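Read the figures in this text as sums done on the coordinates, not as results from a lab. None of the values given here were measured: they were computed from a predicted structure. Cβ placement follows ideal geometry from the backbone for every residue including glycine, while neighbour counts extend to all protein chains displayed.
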Amino acid sequence: MKLLNWLFTKLRGFQEKKDLSKLAIVTAVELNDQHGTGIFVRNLLEDPSEVNVFCSKLIYGGAERHLKIPEDASLDSAARRLIRNQPVDKILCVPYFLNEFRFAVKLKEKTGALLCTFLMDDQNIFTQEVHDRDVQTLLNQSDLILAISPEMAEVYSRKYNREVLFFPPFVTPRSPFVKSRWNFSKSEEIGRGAMIGNIWSQKRFAQILDLLDETGISIDWYGHGGKAPWLEGTPEEWVKKGLCYHGWLKKEKLIQKLAEYPFVLLPSGEMDASDDKLSFSKLSLPSRLVFLNARVGVPVLVLGHPETAAARFVRRFGTGVSASGQPVAFRQTIEKLLQPEFRSTLLANLARHADLWSHDNPGEMIWEALAGNHQKIRQAEHQKFFKKDRSFRSEICVPAEIAP
């Protein structure tokens, strides 16, 4: 019996791998560890090297098995030859530019493959870069529609009259949760926090530098973010204002390092005239926020409006706080974060909810749902919290034209 079970497990693993070799991904840029979408999508795949990727732009110098989508979103000879040599039975579309919306539909029509559309960025409701008809066509053709935040799922479901399921950027595989090692009495720099990931524009970056300079707060920045070509100045100039760029660390080393800080700063938007990425602020759940809540017991300080998707997330689970970009409010919020009684509640919540955001095989859940079994996603543990809390239906998240 043990031998039969072993053989069945091996056969099942082989079949899953074979099935994924027929998966095609349609997305904006190359899949790599330079950006959150790339990291998350790669985590869905057992072997990313076997999957064909169609993307609108090659901004990282290209990659193996990556094909550029033609400007007119047509299935050119290279694409036709590829799908003829390696048949496609599943499509995962993570759309951003118009080309991905149109190309995914054409690829489905050509191959008859099942299509999953994963909405990670809003390009239609608060940022009107893609016309309604193109979004409607893609969603109508989709066999499964996922969204990276409950806010995103809510507004797209309401506007386009399709079921859109919230699917967070799970951390995979499940890994140990590291508790905070920061100690108030031993810390020499009370106002020093950490930051990871990218800053999406020079405008927001300049606002953060000015805020640190004015408040005297210091931040250690980890990751590839400081290498973004749109950032002005040098690390030597940034550090004079309070931002010290350390570059990239391996995941486990980064986790251990973050545990030494009193808080991690996560920039979002102010949702006012100064916000140059309103759709991101209102609807996107940063994958780095889920990563932090899954792996390390350090409170998150969301910089921005309290009704951003990121701020709602930490408030909903009690794992952090938010603060506006006003210097006085920013300092006061950090001081509150350091109060032992308030802090102990946040640390307890972080430990309690960490397991919600890890999954050994999130891709399998998607492929099963794409085949028709949506129940695992509908009944997942994280969904229960959002069924109880419908505050994201408020007008601040839902435009008047699609509100009931």
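Listed values, structure above:
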read-out: Within a Gaussian network of the chain (alpha carbon springs, distance under 10 Å), most fluctuating of Lys57, Lys251, Lys159; value: Lys251
read-out: Interchain or long-range residues, amide H under 5 Å from Leu249's placed H; value: Gly223
read-out: Cα→Cβ-extended label distance, 7 Å offset, between Glu64 and Lys251, nm; value: 2.0 nm
read-out: 3J(HN,Hα) from dihedral phi, region 291-302, Karplus parametrisation 6.51/-1.76/1.60, rounded to Hz, x for glycine, proline; value: 4, 4, 5, 7, 10, 9, x, 10, x, 9, 9, 7
read-out: For the chain, projected area of the alpha-carbon convex hull averaged over all directions, nm²; value: 21.5 nm²
read-out: Region 358-364 - phi-based ³J(HN,Hα) in whole Hz, Karplus 6.51/-1.76/1.60, Gly and Pro as x; value: 10, 7, 6, 8, x, x, 4
read-out: Gaussian network model of the chain, Cα within-10 Å springs - most flexible of Lys250, Lys336, Lys22; value: Lys250
read-out: Neighbourhood net charge (13 Å Cβ-Cβ; Lys/Arg +1, Asp/Glu -1) for Ala348; value: +2
read-out: 15 Å Cα-Cα reach of Lys240 towards aspartates and glutamates, excluding residues that sit fewer than 8 places from it in its own chain; value: Asp210, Asp213, Glu214, Asp220, Glu232
read-out: Max mean-square fluctuation residue, GNM over the chain, Cα-Cα springs under 10 Å, options Leu301, Leu338, Leu346; value: Leu338
read-out: Peptide ranges 196-206, 263-273 listed from the most packed, as the mean C-beta count within 10 angstrom indicates; value: 263-273, 196-206
read-out: Rounded to whole Hz, the Karplus (6.51, -1.76, 1.60) HN-Hα couplings of region 366-375, x for glycine and proline; value: 5, 5, 5, 5, 5, 7, x, 9, 7, 5
read-out: Violating pairs (Cα-Cα greater than 21 angstrom) within the set Lys57/Lys251; Lys282/Lys376; Lys68/Lys110; value: Lys57/Lys251; Lys282/Lys376
read-out: Nonlocal amide H pairs with Phe54, under 5 Å, H built at 1.01 Å; value: Ile25, Val26, Thr27, Leu67
read-out: Highest-first arrangement of 42-55, 67-80, where packing means the average Cβ count within 10 Å; value: 42-55, 67-80
